[in-house]
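To start, the structure under review is shown below, and the notes come after it.
Please treat every number below as a calculation from the coordinates, not as lab data. Fair warning: this is a prediction, and the values are worked out from it, not measured in the lab. Quick reminder, even Gly has a Cβ in these numbers, built from the backbone with ideal geometry, and neighbours come from all protein chains shown.
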Amino acid sequence: MDSHGWDARYAASTTPVWHVEPNVWVREVAEPLAPGRAVDVAAGEGRHAIWLATRGWQVDAVDFSGVGLERGRTLSGERGVAHLITWRIADVVHEPPAPGAYDLAVVAYLHLEPDALRTALRGAAASIAPGGTLLVVGHDAANLADGVGGPQDPRVLYAPDDVVAHLAGTGLTVETAETRRRAVAGSDRPALDAVVVAVRTD
């Protein structure tokens with residue numbers, strides 16, 4: 001779906017399209033970190049940017065949907081953290097974050113075909129400053145058969161090893177690359193998420 005499609009999807013809903021609370025894996029990885037500069041790549045309505053800001057992070061929230069970002073901007077004002085977040089309309093495939101600028105980059109549920117995903121992930125990796133962390137979370141390819149929810153197009157799903165391959169040669173050290181089970185309210189099946197954590201140690 002292109003930016004116009006996402007604008008229309010957000011505009012058609014009177015409530016947030018996504019949860020307003022952070023993903024469990026984002027919370028798990030970010031909570032122990034000292035606040036610094038973060039980028040929320042493909043931020044959508046900004047739930048992760050807002051949550052990070054409530055913890056003292058200075059956040060750039062980037063997405064190609066202006067409607068989604070405007071919703072996030074409104075919610076950030078309601079949460080009292082608008083001064084900590086910069087909202088930027090950009091296509092993360094073609095306009096990557098600034099190199100070496102961030103202590104944390106979150107790429108949560110960005111689902112693209114492999115070449116585009118590789119470009120976006122390598123751009124996010126390049127944005128990590130020394131000592132910083134990249135977190136990639138997405139619906140695992142195994143979710144189609146064994147999980148619940150998420151995209152149903154296998155071309156935009158991936159496994160942890162796919163993410164690791166995309167990050168090869170970026171100078172990051174992969175600390176975690178695994179498929180995790182996430183409980184889903186109202187379902188007797190879990191969602192299966194690919195979770196990759198990588199750090200820049202140089």
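For the chain, build the charge dipole from Cβ charges (+1 Lys, Arg; -1 Asp, Glu) around the Cα centre, then report which of PRO35, LEU144, HIS94 sits farthest towards its positive end.
Sorting the options by dipole projection puts first PRO35.
With unit charges on the beta carbon (Lys/Arg positive, Asp/Glu negative), name the residue among ALA53, GLY171, SER127 whose Cα is farthest towards the positive pole of the charge dipole of the stretch 3-199.
Result: ALA53.
Quick one: length gained pulling GLN58 to GLU28 fully straight, 0.36 nm per residue minus the C-alpha distance?
Going from the current span to full extension adds 8.9 nm.
Fully extended, how many nm does the chain gain between SER187 and ALA101 (0.36 nm per residue separation, minus their Cα-Cα distance)?
Extending this stretch completely gives an extra 27.0 nm.
Roughly what would the spin-label model give for ALA142 and HIS94, points 7 Å off Cα along C-beta, in nm?
Result for the modelled spin labels: 3.7 nm.
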